[in-house]
Amino acid sequence: MGVASDRLSSLPDSVLLHILSFLPFDDVVRTTRLCHQWRTLWSFSSTLNFIHHSKDLFSVRKFVSFVDKSLINLHGNCNSLLKLHVEFPFKRCFTSDVTVWVLFAITHQVKELNLVLSNDDGDCYNLPKRLLFNSFLEKANWVSCRFYKVQAVRWDSLRELRIGSTEFDDDIVRKIVAGSPCLDLLELDNCWGFRCLDLFGGKVSKLVVNGYKEVKKFLDLELEIKAPCVKVLELKGCIRMNIKLKNLRNCVSVKFDFHSKNPKDEECDNFYEQQGDMLMAMFGSFSHVKDVMLGTWCIEVMAFWDSPWVLFTMISCECLTLHTPIQKRYLPGIIRLLKNLLKLQTLIIHMALPYFEFEACLIPVVNDVYSVEGKLQLSLLPRGCGHQLEKIRVCGFEGTQSGLEVLFLRDLLLISANIEMMVIEWRSGLQNLIRDASVEFVAKTLSNVCKRSKKAVVLFKM
């Protein structure tokens with residue numbers, strides 16, 4: 001039997017370097033033991049990933065020392081470095097080391113610099129002033145990195161900036177926008193301190209706010225967003241502040257998957273009215289937007305709030321995405337959306353995992369009765385609900401007979417004569433035996449009413 005050929009080593013160096021770019025740097029160094037070809041290959045890698053998760057101080061010190069030595073060895077041999085990624089539990093005692101790494105990135109004109117400095121002690125790294133004036137940087141992701149005594153920034157090539165777990169004021173945002181003429185994406189992840197995101201004068205087309213850290217002195221304040229050039233706005237995570245949107249004239253897609261304040265027992269009477277007023281004002285800022293995504297908190301507020309005007313502000317919506325399980329708690333809000341969005345053509349539902357309050361033996365409320373081939377069908381959905389729908393896509397579907405999902409989809413087919421296609425994507429990881437039994441049940445249930453629509457096609461994706 002002949003010796004098997006080394007197919008990996010026979011690949012071109014450019015392909016091997018692309019493979020190495022996905023590995024942590026300590027694994028890249030280990031490849032030098034494979035064969036003679038690999039001994040020097042690592043020094044030509046365009047990507048350096050230094051990642052360490054253990055919080056043990058001794059192991060963190062060893063990691064920092066390893067990064068120091070690696071960058072020293074690379075200093076004279078690294079002419080094509082594009083990306084430097086460092087991720088480890090940061091302590092204030094490592095400030096000088098991180099600064100050396102940042103200066104290494106600046107010297108080698110790195111285009112992507114990621115500093116993910118997780119910590120539990122509130123230690124933040126102060127970004128050096130030399131980094132604030134960089135004409136080569138195109139992408140950056142900085143977690144627990146503070147903008148300290150910043151007079152101005154100048155990032156001529158920066159296109160994507162992600163900032164996480166740090167405090168900054170409104171003035172920092174204005175300086176970033178003013179000093180980054182090419183900035184297209186701005187993402188803020190669990191930051192705090194700012195009260196107004198004023199993006200006027202910049203070219204930011206996508207703004208993502210993923211949570212606002214709960215700091216007591218900021219919780220009762222208002223968060224104002226002014227984004228005249230933004231085309232995609234995403235609000236996610238926990239944002240326990242009143243939100244006011246202004247000047248979203250160019251926005252084409254909004255995603256509201258955030259959750260705000262929870263009602264207290266003594267405040268239930270006017271809680272949903274107050275939160276509904278905030279939502280109505282937010283919806284009014286993007287009444288022209290055709291692509292809208294809503295999470296469970298927004299759906300629940302709309303279910304309990306009685307104003308007839310809230311959905312009038314979403315009159316242009318043609319594609320609606322709902323990130324919600326189909327449960328009794330959220331069904332009234334979903335029905336209200338489907339009934340009032342008169343231009344809605346596409347409905348996408350990302351079914352979240354059921355909550356603990358899911359009622360397995362729920363007796364659903366009947367809203368209408370239909371006749372299908374001479375037989376009466378009771379419907380959860382009232383007449384005229386989603387009558388303009390043409391396409392439906394369901395993700396993360398489980399199809400359990402005890403839930404409302406199947407009844408909900410059946411009734412959409414029952415009442416929507418214009419439906420052309422319904423695509424059902426099963427939740428990954430669902431056991432084959434359960435899934436196969438559910439497919440048979442769902443297919444049988446839906447086929448009983450599918451004939452009502454002459455054009456409807458139901459597709460299953462496993």
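None of the figures in this text is laboratory data; all of them are computed from the coordinates on show. In this text the structure is predicted, and so the values were computed from the model without any measurement. Backbone-built Cβ (ideal geometry, glycine too); neighbour counts: all protein chains shown.
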Inverse of <1/r> over all distinct C-alpha pairs of the stretch 168-237, i.e. the Kirkwood Rh in Å, gives 12.3
The stretch 57-182, convex hull of Cα, quarter of hull surface, nm² -> 7.4
With label points set 7 Å from each Cα along the Cα-to-Cβ direction at ILE315 and ASP170, the distance between them in nm comes to 3.2
With label points set 7 Å from each Cα along the Cα-to-Cβ direction at VAL423 and LEU342, the distance between them in nm comes to 3.0
Percent relative contact order for the stretch 159-217, counting Cα pairs under 8 Å at least six residues apart, stands at 40
So, over other residues within a Cβ distance under 11 Å of ASN126, counting Lys, Arg +1 and Asp, Glu -1, the net charge is +3
HN-Hα couplings for the stretch 207-215 via Karplus (6.51, -1.76, 1.60; θ = phi - 60°), in whole Hz with x for Gly/Pro, come out as 10, 10, 10, 9, x, 10, 4, 6, 10
Over the Cα atoms of the stretch 137-254 the radius of gyration and the largest Cα-Cα distance (Dmax), both in Å, equal 13.2, 37
For THR321, other-chain or 5+-apart residues with amide H closer than 5 Å (H placed, Pro excluded) are VAL292, MET293, LEU294, ILE348
Two pseudo-spin positions, 7 Å from Cα along C-beta at ARG159 and at ARG195, lie apart in nanometres by 3.7
